[in-house]
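The values are calculated or read from the model by the stated rules, or taken from the named source; none is laboratory data. Bear in mind the structure is a predicted one, so any value in this text is a computation, not a measurement. Because the Cβ atoms are built from the backbone with ideal geometry, glycine has one as well, and the counts that use them run over all protein chains shown. Surface accessibility is based on the protein's heavy atoms, side chains included, excluding ligands, DNA and RNA. Shrake-Rupley method; radii C 1.70, N 1.55, O 1.52, S 1.80 Å.
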Amino acid sequence: MYRVKSTTVADIPVIQELTERIWKPTYQRILEPAQIDYMIDMMYSTAALTKQIAELNHKFIILQDDKRPIGFASYSTTDTEGVYKLHKIYLDLNYQGKGVGRFLLDTVIRQVKKLGATILELDVNRYNKARFFYEKMGFSTYTEKDTDIGNGYLMEDYVMRKSL
């Protein structure tokens, strides 16, 4: 049985623990260890997560099984009416391939549709196998973008969209 919990800044330590558990194994084949550490610090430090939640109005949800948190997602509005951005969706590797990711993504879709979303957009690293999951879930590539994140690192992403 899975439960979805809305979060506040008080849940930042849980998001950080999940990030530590999920990020390195997810990206170790496509990013250098130093870049992974840099990105975790840039996006998941207490200050960064506080800003995302309190200032940028990113809505975070945590997915729990009967025993513990197993994943999380975050989303927000964009400057384009009806378009919501899925910023993060991560699931413990032991739960992948079992329909749990679909459950988490469907939860996000239900939530953003209630808020008036007609399109859900996300960025995915061009070499991340999660792209195939998103395609199975009805997303298609809208464009590509390269983002300089500092320290000599570049995020090379597909921007994918799904009509809701």
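Here the spin labels are modelled as points 7 Å beyond Cα on the Cα-Cβ line, and at Ala10 and Ile30 they lie 3.6 nm apart.
Can you tell which of Arg102, Arg110, Arg21 shows the greatest fluctuation in a Gaussian network model of the chain with Cα springs below 10 Å? Evaluated over the chain, the most mobile residue of the options is Arg110. Working from label points 7 Å from Cα in the Cα-to-Cβ sense, the Val159 to Asp66 distance is 4.4 nm.
When only the Cβ of Lys, Arg, Asp and Glu is charged (+1, +1, -1, -1), the dipole of the chain relative to its Cα centre reaches about 800 debye. Compared with the rule-of-thumb size 2.2 N^0.38 Å for a compact globular protein, the range 50-144 has a Cα radius of gyration ratio of 1.08.
Before anything else, pin down the relative contact order of the range 119-164: Cα pairs under 8 Å, at least 6 apart, normalised by residue count, whole percent. Relative contact order comes out at 52 percent.
For a distance above 28 Å, tell me the whole-number percent of Cα pairs in the chain that qualify. Looking at the chain, the distances longer than 28 Å represent 16 percent of pairs.
Each Cα pair of the range 1-81 feeds into the Kirkwood radius, which the Stokes-Einstein equation turns, at 25 °C and 0.890 mPa s, into a diffusion coefficient of 180 µm²/s. Ordering of 136-148, 152-164, 72-84 by packing is 72-84, 152-164, 136-148, highest average first (other Cβ atoms within 10 Å, averaged per residue).
Based on Cα contacts under 8 Å between residues 6+ apart, the range 30-164 shows a relative contact order of 17 percent. When all protein chains stay in place and ligands, DNA and RNA are ignored, the 1.4 Å accessible-area order of Phe103, Phe132, largest first, is Phe132, Phe103. Summed over qualifying helices (DSSP H, 4 residues or more, each -39500 (n - 2.57)) and divided by its residue number, the chain shows a 222 nm mean residue ellipticity of -10000 deg cm²/dmol.
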